[in-house]
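Worksheet: one structure, shown below.
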Amino acid sequence: MRVVIVGAGKLGYSLAEYLTHESHEVIVVESDENRREIIKNALDILTLGGNGASPAVLTDPDVKSADLIVACTDSDEVNMIVCMVAKRIGIPQTIARIRSNEYTGVAADEFIKTVTEIDLVLNPERVIAQEISHILLTPFALDVEDFADGKVRLFEAKMADQSPYINIPLRNLSLPTGLLVAGIFRQNRLIVPHGKEMLQTNDRVFFIGRSQTVHEFEQNQSTDLVVPKVERVMIIGAGRIGCYLSIILEEKGLSVKIVDKNLARCEYAATLLANGIALCGDGTNIEFLTQEGVAEADVVVCLTEDDKLNLLLALLAKHLGAKRTIVKTARAEYVDLMEKVGVDIVLSSRLLSVGEILRFVRRGGVVAVSLLEGSKAEAIEVVIQESNPLAGIPLRNADITGKCLVCAIVRGEETLIPNGDTVLLPGDRAIIFVQSSEARNVMSYFEGR
């Protein structure tokens, strides 16, 4: 697939890098010569200089023949214009990053979709706020992903010494019906599990199952995965993400405090909160944090624009008694490092946005893609096509054993947790867990290549 990326900022660079590794043909348009040279030399791809919204660029033969155009410049308006013109000249699919509060909300979303015909409006701040809220509302989880319109949920949990699930073969594990182990991360290595595999202390384990089963599993206090229910959240950073997150959490009944040293941001955040508190102060000030009750917070979420500052804030909050910490980082390579030094959960804003875009790039009925563990693994939701060579045969006979795990199948209103005798049928929505390095090969089976 030929993909044109307009804007070589952080998101544009990350997307170009990921798509290049998947052997897609990538063209980047960037007006800033320094940015253009950096991405050209680092990724060895075709780059074009100039304004991505100009007729000269959009009518360039290399751009005009694209299958998909992704507009991710710093200007929402430029991104919308790029996508609108791209549709007019025949580019089939368009994605625009739109971040301003003026273009958010149900009415604004519908207006943009109807008038501009943009296929996907990407708001990275909203995406990461929703991801954090999912994690907070599933207390024992390090990561949470929903599939098939919420019918299937995947969550990640860390095995403690006292866990009843360690040192028992998976085939003998006493899990609720409708829940299974999809993958295991052990010492930075992904294991696609089999019946003889046993969970070990400190393993990061991905469970998947029917959403109702996961909810019941969460409520079962006999499991050692469960941590106390989140009731009080302190958010440091009243930018777009912090504001989106505070609104979501208040709607779910949580107590919210949002902290920022910028008075204007605090005043704006205060207008959004019905019961929460916006505090103007320095999140690195120990006396300030102590007075405002950081030790009583169930979770401290660090959402400033500075990755290093977020790490410092999280470690400081932990030192002062906060029970859990969540950090947002732009750089995926920081995820492992931050977790090793004591941050409980680290989320890469770029990877979450890239995952949203990947389902447009991949063929074969891909509905959703979630990048896990710093993009080391993927959970993919795919609709089984009539031409799929895997349709109509038992999974045990499919030539994908050991490469991936078909974790769940949604057939109409029914959610199935498959075994070796399960047969995929056209129209099924299958959720697949796979190592990222194998994703392209595995998807070739579902695309019929």
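The values are calculated or read from the model by the stated rules, or taken from the named source; none is laboratory data. Note that this is a predicted model, so its numbers are computed, not measured. As a convention, Cβ positions derive from the backbone with ideal geometry for all residues, glycine included, and neighbour counts pool all protein chains shown. Note: accessible area is taken over every heavy atom of the protein model, side chains too, but ligands, DNA and RNA are not part of it. Shrake-Rupley method; radii C 1.70, N 1.55, O 1.52, S 1.80 Å.
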- For the chain, what is the mean residue ellipticity at 222 nm derived from helices alone (per DSSP H run of n ≥ 4: -39500 (n - 2.57); sum divided by total residues; nearest 500 deg cm²/dmol)? -10000 deg cm²/dmol
- Task: Please give the net charge around Val28, taking every other residue with its beta carbon less than 14 angstrom from that of Val28, where Lys and Arg add +1 and Asp and Glu add -1.
- Result: -4
- Per-residue SASA entry for Asp298, accessible area with 1.4 Å probe, Å² rounded to 10: 10
- Grab the Cα-Cα distance for Thr20 and Asp282, subtract it from 0.36 nm times how many residues apart they are, and report the gain in nm with one decimal. 90.2 nm
- Message: Just to verify a number: what accessible area does His215 come out at with the full protein assembly present, 1.4 Å probe, Å² rounded to tens?
- Response: 90
- Computed over the range 66-201, protein heavy atoms only, probe 1.4 angstrom, the accessible area per residue in square angstrom equals 43
- Task: On the protein heavy atoms, probe 1.4 angstrom, tell me the percent of accessible surface of the range 94-204 carried by carbon and sulfur.
- Result: 46
- Whenever you get a sec, line up Asp44, Asp336, Asp399 from highest to lowest accessible area (probe 1.4 Å, protein heavy atoms). Asp44, Asp399, Asp336
- Item | Under the Karplus curve 6.51 cos²θ - 1.76 cosθ + 1.60, θ = phi - 60°, whole-Hz ³J(HN,Hα) for the range 186-192, x wherever Gly or Pro sits | 10, 6, 6, 10, 8, 10, 7
- Task: Quote the relative contact order of the chain in percent (integer), defining contacts as alpha-carbon pairs under 8 Å separated by 6+ residues.
- Result: 10
- Taking R0 as 22 Å and r as the Cβ-Cβ distance between Asp32 and Glu77, the FRET efficiency 1/(1 + (r/R0)^6), rounded to the nearest 0.05, comes to 0.75
- Task: Taking only the C-alpha atoms, wrap a convex hull around the chain and report its volume per residue in Å³ as a whole number.
- Result: 151
- Query: What FRET efficiency comes out for the pair Arg186/Ser54, r = Cβ-Cβ distance, R0 = 56 Å, nearest 0.05?
  - Reply: 0.65
- Note on the structure: Expected unfolding gain across Gln291-Glu267 under the 0.36 nm per residue rule, minus the alpha-carbon gap, is 6.6 nm
- Item | Neighbour net charge for Thr325 - beta-carbon separation under 9 angstrom, K R +1, D E -1 | +2
- Paramagnetic reach from Glu413 in the range 139-171 [backbone N under 18 Å; point 7 Å along Cα→Cβ]: 148-152
- Cross-link partners among aspartates and glutamates for Lys113, C-alpha distance below 16 Å, same-chain residues fewer than 8 apart left out? Asp76, Glu77, Glu102
- Note on the structure: Here the percent of antiparallel bridges among DSSP beta bridges lying wholly in the range 122-241, to the nearest 5, is 95
- Note on the structure: The lysines whose Cα lies under 28 Å from the Cα of Lys229, excluding any fewer than 8 residues away in the same chain, are Lys151, Lys158, Lys252, Lys257, Lys318, Lys323, Lys328, Lys340
- Query: Cα-Cα pairs above 24 Å in the range 1-149: how many percent?
  - Reply: 37
- For the pair Ile89 and Glu216, the simple spin-label estimate (label points 7 Å beyond Cα toward Cβ) gives in nm 5.6
- Name the cysteines of the chain that stand alone by the Cβ rule: no other cysteine Cβ under 4.7 angstrom. Cys72, Cys83, Cys243, Cys302, Cys404, Cys407
- Message: Given R₀ = 25 Å, what would the calculated FRET efficiency be for Ser174 paired with Asp399, taking r from the Cβ atoms and rounding to 0.05?
- Response: 0.20
- Query: Which net charge results when you count Lys and Arg as +1 and Asp and Glu as -1 among the other residues whose beta-carbon is under 11 Å from that of Leu142?
  - Reply: -2
- Contour minus end-to-end for Asn275 and Leu425, with contour as 0.36 nm per residue of separation and end-to-end as the Cα-Cα distance? 49.1 nm
